[in-house]
Every structure is written in structure tokens, then in C-alpha cells.
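As C-alpha cells, the structure follows; a few thoughts come after it.
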Amino acid sequence: MREPRPDDAAALWRLVRDSGSLDLNSPYVYLLICTDHAATSVVATDEHDRPVGFVAAYRPPPEPGAAFVWQVGVAGRARGQGLARRLVKAMLSREANRDAHVLTATVTPDNAASLALFRRVASDLSAGVEEHERFPAEVFPEGHAPEVELRIGPLVARVAVAEDLRTHEPTA
Ligand SMILES: CC(C)(COP(=O)(O)OP(=O)(O)OC[C@H]1O[C@@H](n2cnc3c(N)ncnc32)[C@H](O)[C@@H]1OP(=O)(O)O)[C@@H](O)C(=O)NCCC(=O)NCCS
């Protein structure tokens, strides 16, 4: 696992395009993730240094104490091995995120994999999970399920988690 680089952006765009369930943003957005948001995000790569998973995250300006997970994606061939779970915890252990006291993310209620992932992360961190509807369906331009915000915290287990994940610490 390491910090995203600008030359990862096209691969992240393709990974999301092929994910089957994530909203595909423009290639430009993935360039911003791999530059402006690189310090708070993580990619996992294969033996050829090609991205097979990522967490795009940032510290929301209205709530700087939060680390907001924007998108999580794992390539089909790498799923079911705990990679997403390790990616989210590696993201939290990044230097730029270590003072966050809550992890936030939004999911659509029908995304069982995403819900299971975040609940498992909360359990690993001995943290609670609060849920509330953040973006109702009608604020989207066309057919889109509501987005429910998950708030995982307090992140009191942070130091122990950072220690546990030392081997996964992304390199700058
Ligand atoms: C969601 C996704 C990131 C999970 O990646 P992964 O590396 O396979 O996940 P992990 O192996 O770390 O599993 C984490 C938890 O989620 C559960 N999970 C993973 N895929 C699941 C699925 N399809 N259905 C139900 N639970 C699932 C796992 O069982 C595990 O929970 P557990 O430890 O309590 O058993 C991956 O399936 C993906 O990229 N999906 C498409 C994009 C997406 O939906 N992203 C999330 C939106 S933010």
C-alpha cells in the first residue's frame, strides 16, 4: 500500500468504471484524488505496482475532525481477501489522518458489501456506528438511491491501530 500518484489516476478511473456499482467520476476527479487528496488517500498495488484497490479520502472543511471516505474500490480479482478493510485502516493510519476522531462515509442502503465493510472496520476499531440519511434521492439529477451517512467513532483505538498497521503504512 502506498500514497496515490498522478500516474495512478487512469487506473483508478478504470477500476471504478469496471466495479459494477460505484459512481464513475471524470478522469480529472481521479487526478485530483491522486494529487490534492493524495496525502489522505491510499492505493494498494499488485506485484507490478498497478493499483488493485484504493480509498479516496479527505478531511471535510466543515468538519476537520472527520476523515471522509469518498470512494472505496477493489478490483474484482482482489476482492474477498480483506483488502478493503486493510485499505480503510491504512488510510486512517496515514500521518495526515491520525488526528481524525471520526470516520465518515456515505453508502446506498442496498450496497451490502459496503455496509459490511464499514461495520467490520467499526468492529475492528471498537467504535460505534451512527447512521442518518445525508443526501435524499430527490437531490440527485436522476434515479439514484438516497445516500446514508455512516459515522464511525470515536476513534480511540487509533494509536494501537497505527501500530498494528506499521507494515502497511503507505510510503510517500
Ligand atoms: C466493497 C468492496 C470495496 C469490498 O472489497 P473487499 O476487499 O472484497 O472487502 P473485504 O474483503 O475487506 O471485506 C470487508 C467486509 O465486507 C464484507 N463483504 C465484502 N464483499 C461483500 C459482499 N459482496 N457482500 C456482503 N459482504 C461483503 C466481508 O465479508 C467483510 O466483512 P466480514 O469481515 O465481517 O466478513 C468491493 O467489493 C468493491 O470494490 N465493490 C464495488 C465498489 C463498492 O461498492 N464500493 C463501496 C462503496 S463506498
When region 1-55 is checked residue by residue, the ones that are touching a residue at least 40 places away in the same chain (Cβ under 8 Å), among the β-branched types (Val, Ile, Thr), within 15 Å of the ligand (Cβ to nearest atom) and buried (at least 17 other Cβ atoms within 10 Å of the Cβ) are 16, 42, 43
Candidate set: region 9-65, residues that are touching a Ser or Thr at 6+ places or on another chain (Cβ under 9 Å) and in a loop (DSSP other than H, G, I, E, B); chosen: the one farthest from residue 84 (Cα to Cα) = 63
Is it the case that some residue within region 66-82 is over 18 Å from residue 2 (Cα atoms), touching a residue at least 40 places away in the same chain (Cβ under 8 Å) and either polar (S, T, N, Q) or open to solvent by 10 Å² or more (accessible area, probe 1.4 Å) (or both)?
-> yes
Among (1) open to solvent by 80 Å² or more (accessible area, probe 1.4 Å); (2) without any contact (Cβ under 8 Å) to a residue 40 or more places away in the chain; (3) within 15 Å of the ligand (Cβ to nearest atom) - the single one residue 86 does not satisfy | (2)
Under the condition of being in contact with a helix residue (DSSP H, G or I) (Cβ under 6 Å, 6 or more places away or on another chain) and under 17 Å from residue 68 (Cβ atoms), which residue from region 108-130 is most open to solvent (accessible area, probe 1.4 Å)?
-> 129
Long-range neighbours under 8 Å by Cβ, at least six apart or interchain, first residue more than 14 Å from residue 84 (Cβ to Cβ) within region 114-135, second basic (Lys, Arg) and within 14 Å of the ligand (Cβ to nearest atom) = 125/89; 129/119
If we keep just the residues of region 92-107 that are under 27 Å from residue 145 (Cα atoms) and open to solvent by less than 20 Å² (accessible area, probe 1.4 Å), which is farthest from the ligand (Cβ to nearest atom)?
-> 102
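The values are calculated or read from the model by the stated rules, or taken from the named source; none is laboratory data. Keep in mind the model is a prediction, meaning the values are calculated, not measured. With ideal geometry, Cβ positions are generated from the backbone for all residues, glycine too; neighbour counts draw on all protein chains shown. When the accessible area is computed, the model is the full protein with side chains, heavy atoms only, and any ligands, DNA or RNA have been set aside. Shrake-Rupley method; radii C 1.70, N 1.55, O 1.52, S 1.80 Å.
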